[in-house]
Amino acid sequence: MSSSSTTTTTTRLLMLKASDGVTFEVEEAVATKLGAINNMVEEEGSEDLICLPNVNGKFLGMVLEWCKKHANNNTNSDKGNDEVNKWWDKEFVMDLDQNTLYHLLMAADYLSGTELVDLLTEKVASMIRGKKVEEIRETFKIKSDFLPGQEEEIRKKNSWAFE
Amino acid sequence: MATKRVKEKNGTGENLDLEPEDRISDLPDAVVLHILSFLPTIAAVRTSFLSKRWRRMWTLVPVLDFYDQRDLDYLRKPNGNKDRKKFFKFVNECLKHPYADTTITRFKLKAEFYGGGHRVDGWLKFPVNKSVKELDLHVSPTNSVYCLPSAILCMRTLTVLNLNGLELLISSTKVCLPSLKVLHLVNIDMHDLALNNLLLGCPYLEKLHIHYCSGLLNPLVLSSSMKSMEYRAGYRNYAQTMEVDARNLLSFVYKGGNNKCNINLVRCVAVRNLSFSGACLTHQWLEDLIPQLSFLESLNVDSCYGVKHIKIMNQHLKNLDLDCRTDELDLLEVAVDAPSLVSFTYSGYLMLRISVNAPDLLYADINVCGQLKKAAYDMEWYTRLINFLSEFNGTKKIHIFCGYEKAIIIPNELREIYPSPLSDLKYLKVKTAFPLFRKVMFKKSLLWIAPSLETLAIE
């Protein structure tokens, strides 16, 4: 299984190869913030090149940017660190368009970046919160695929949620 | 579910520039449920009308979060009785709806209570039967008090319990919460014995908050597992004595309302962080306690009344934060003897005497914004300032904050009598609340205070 030397060296560099061939060189300590990479590193031991055929380079780059920020902020154990992370997270998700949000979420989910998934899903939740059904449909371009009359039927049946 | 999933054939995120339609419906179920778990249940239920994809998702969300009025039509003012009935109906319908096979990990209920506990009792059977891990119950009493059903206190799976606004009459009720790690008691009406009894049933409790609870007069907080505790005194009701017997306690925070409370922490031998504010302490008490805590790393004493002399002696203390900015405080003397001290923050007026024995002090943050009661920058002020600063001469970096520049412009006649108080200091940063008018004199004074400076920053 894993040799102890690979997991303890903090400056070891990993190569991550995205679906479009773009490669990223990242410190192991940064990449292992992603659960999936962490598992691969532990399993494959000395393998330095990790191929990620499900993630596009653009979004892998963004995910790694997030990891880097959080890995750095966590090393200097300051009191205001949580605050800094929160502020930075807020900036990170502020202007994401839905397409980017979707691909980031898929990438973060695939790579098991639990904290990043939390951040992004909460962002999506905030886009739903306080909206009426029609407004949510409009926000996310969701098309109702109910049969004619079916929607009314459901609404009638569940009128307790609408009154 | 199948209709919209064909768009992205290879799933690798190609065709990125195509303006996508509905992205959110393409997310995997687990992610959608994750999103819905952040929403109040009413909002999750309403997503069921979006499309077939969403129709049953809400019944799989592991969180139930019922908020009275806030989300029943957003921004609408509560409309008394009618809204109340709607809320009751909503909760009832949800709880009998097909959650049968769903694992519920968190149950939150925030509602106003109008009497008739049977309704809430009935609702709370749900989290008990579902063996939830987190329970958050916030009842704002309007004219009567809701009393927690005893079944809640025997939930073996519960790890987090937040209770707000209820009555705990459990002095002799059986409590068995073997998984509980976090307990928050806010606005709870309970007696000392009830707290005792509660803690006896939580053998693995790590974090306890007691905020604004009435009825606790002389509580004994007994727990061998507890790592952190925070107490905030109530507005009208507060403890007169408090004994904390927790040998593994690492952090203790006390926020009083400037009332007298005799706190006994003698058995908290492992404590690392201590914080007192608005407490009525005596110098004797501090002097007796602090040296005994051989793991103490950080101490914060903030606007504590009745302390005229603070003497802090501790071998391990690393961070000290003294905030003495209240007017009523008549602190006369501060003596710090802490050889391991790294950082010292002081806010308040300059007292008669200060002595600091902390040879390895790296940072001193001094806020002399609060003035003496007489508030005059006279010879007495400057003399005190010089004496005060000279105690920090060995420090590596000093930050000074003051209201007016005048407070730090030391008159020439004093500069002739006294030696520079910070003759060894290399780094000084000074910030004033009001703009500088006499920049040159200000800088000159600072350079007299600390003539060996390598870095001087003025803001």
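The values are calculated or read from the model by the stated rules, or taken from the named source; none is laboratory data. Nothing here was measured: the structure is a model prediction, and the numbers come from that model. Glycine gets a Cβ as well: all are built from the backbone with ideal geometry, and neighbour counts include every protein chain shown. The protein model used for the area step is the full one, side chains on, heavy atoms only, and it has no ligands, DNA or RNA in it. Shrake-Rupley method; radii C 1.70, N 1.55, O 1.52, S 1.80 Å.
The C-beta contact set for the range A:55-71 (first residue within 14 Å of chain B (Cβ to nearest Cβ), second residue part of a helix (DSSP H, G or I) and open to solvent by 10 Å² or more (accessible area, probe 1.4 Å), distance under 7 angstrom, 6+ apart or interchain) comprises A:V55/A:Y110; A:N56/A:H103; A:F59/A:H103. Scan the range A:140-161 and give yes if some residue there is over 21 Å from B:V31 (Cβ atoms), aromatic (F, W, Y), more than 7 Å from every other protein chain (Cβ to nearest Cβ) and in a loop (DSSP other than H, G, I, E, B), otherwise no. Checking the range A:140-161: not a single residue is over 21 Å from B:V31 (Cβ atoms), aromatic (F, W, Y), more than 7 Å from every other protein chain (Cβ to nearest Cβ) and in a loop (DSSP other than H, G, I, E, B).
From the list B:T432, B:T395, the one residue that fits, being buried (at least 20 other Cβ atoms within 10 Å of the Cβ) and of a type in the set (S, T, Y), is B:T395. For the range A:96-116, the set of residues classified as within 7 Å of chain B (Cβ to nearest Cβ) and either of a type in the set (D, E) or open to solvent by less than 10 Å² (accessible area, probe 1.4 Å) (or both) consists of A:L105, A:D109, listed by residue number. The set of residues in the range B:19-46 that are in a loop (DSSP other than H, G, I, E, B) and either under 16 Å from A:E122 (Cα atoms) or at the interface with chain A (Cβ under 7 Å from one of its Cβ atoms) (or both) comprises B:P20, B:E21, B:D22, B:R23, B:L27, B:P28, B:S37, B:F38, B:L39, B:P40. When the criteria are applied in full, A:G130 meets the requirement of being free of Cβ contacts under 8 Å to residues at least 60 places away in the same chain and at positive phi. Apart from one condition, B:L320 fits all of (1) open to solvent by 20 Å² or more (accessible area, probe 1.4 Å); (2) at pLDDT 90 or above; (3) closer than 20 Å to B:A364 by Cβ; the exception is (1).
When the criteria are applied in full, A:K123 meets the requirement of being surrounded by 16 or more Cβ atoms within 10 Å (Cβ to Cβ), over 17 Å from B:I42 (Cβ atoms) and charged (D, E, K, R). If you go through the range B:221-253 and keep only what is buried (at least 16 other Cβ atoms within 10 Å of the Cβ), closer than 19 Å to B:H191 by Cα and out of contact with any Cys (no Cβ under 8 Å at 6 or more places or on another chain), you end up with B:V221, B:M229, B:E230, B:Y231, B:R232, B:E243. Taking first residues from the range A:146-160 that are closer than 20 Å to B:F87 by Cβ and open to solvent by less than 40 Å² (accessible area, probe 1.4 Å) and partners that are among the aliphatic types (A, V, I, L, M) and not in a helix (DSSP H, G or I), no Cβ contact under 8 Å between residues at least 6 apart in sequence or on separate chains turns up.
For the range A:80-93, indicate whether the set of residues that are facing chain B (nearest Cβ under 7 Å) and open to solvent by less than 40 Å² (accessible area, probe 1.4 Å) is non-empty. Break it down stepwise before answering.
Just the residues of the range A:80-93 that are facing chain B (nearest Cβ under 7 Å), to begin with: none.
No; the residues of the range A:80-93 include none that is facing chain B (nearest Cβ under 7 Å) and open to solvent by less than 40 Å² (accessible area, probe 1.4 Å).
Among the candidates B:L185, B:L180, B:L148, B:L195, the residue that is in contact (Cβ under 8 Å) with a residue 12 or more places away in the chain, under 14 Å from B:S225 (Cα atoms) and buried (at least 16 other Cβ atoms within 10 Å of the Cβ) is uniquely B:L180.
Between A:T121, A:T114, which is farther than 24 Å from A:S159 by Cα, modelled with pLDDT of 95 or more and within 19 Å of the chain's Cα centre (by Cα)? Residue meeting the stated conditions: A:T121.
Scan the range B:30-55 and report the pairs whose first residue is more than 12 Å from A:I128 (Cα to Cα) and whose second residue is part of a loop (DSSP other than H, G, I, E, B) and among the charged types (D, E, K, R), with Cβ atoms within less than 8 Å and a gap of 6+ or a chain change. Once the first residue is more than 12 Å from A:I128 (Cα to Cα) and sits in the range B:30-55, its partners that are part of a loop (DSSP other than H, G, I, E, B) and among the charged types (D, E, K, R) give B:S48/B:R56; B:S51/A:K143; B:S51/A:D145; B:K52/A:D145; B:R53/A:D145; B:R53/B:K4. Within the range B:262-271, can one find any residue that is buried (at least 16 other Cβ atoms within 10 Å of the Cβ), touching a residue at least 24 places away in the same chain (Cβ under 8 Å) and under 18 Å from B:I354 (Cβ atoms)? Checking the range B:262-271: not a single residue is buried (at least 16 other Cβ atoms within 10 Å of the Cβ), touching a residue at least 24 places away in the same chain (Cβ under 8 Å) and under 18 Å from B:I354 (Cβ atoms).
If you go through the range B:402-417 one residue at a time, do you hit one that is surrounded by 15 or more Cβ atoms within 10 Å (Cβ to Cβ), among the hydrophobic types (A, V, I, L, M, F, W, C) and in a loop (DSSP other than H, G, I, E, B)? There is at least one residue in the range B:402-417 that is surrounded by 15 or more Cβ atoms within 10 Å (Cβ to Cβ), among the hydrophobic types (A, V, I, L, M, F, W, C) and in a loop (DSSP other than H, G, I, E, B). Listed by position, the helices (runs of 4 or more DSSP H) inside the range A:1-87 whose residues that are under 14 Å from the mean Cα position of the chain (by Cα) and at pLDDT below 90 number at least 1 are A:28-31, A:35-44, A:57-75.
Consider B:L161 carefully, then state whether it is touching a residue at least 12 places away in the same chain (Cβ under 8 Å) and in a helix (DSSP H, G or I).
Numbers: touching a residue at least 12 places away in the same chain (Cβ under 8 Å): yes; in a helix (DSSP H, G or I): no.
So B:L161 fails the test.
The sole residue among B:N92, B:N129 that is surrounded by fewer than 16 Cβ atoms within 10 Å (Cβ to Cβ), of a type outside the set (F, W, Y) and under 15 Å from B:I42 (Cα atoms) is B:N92.
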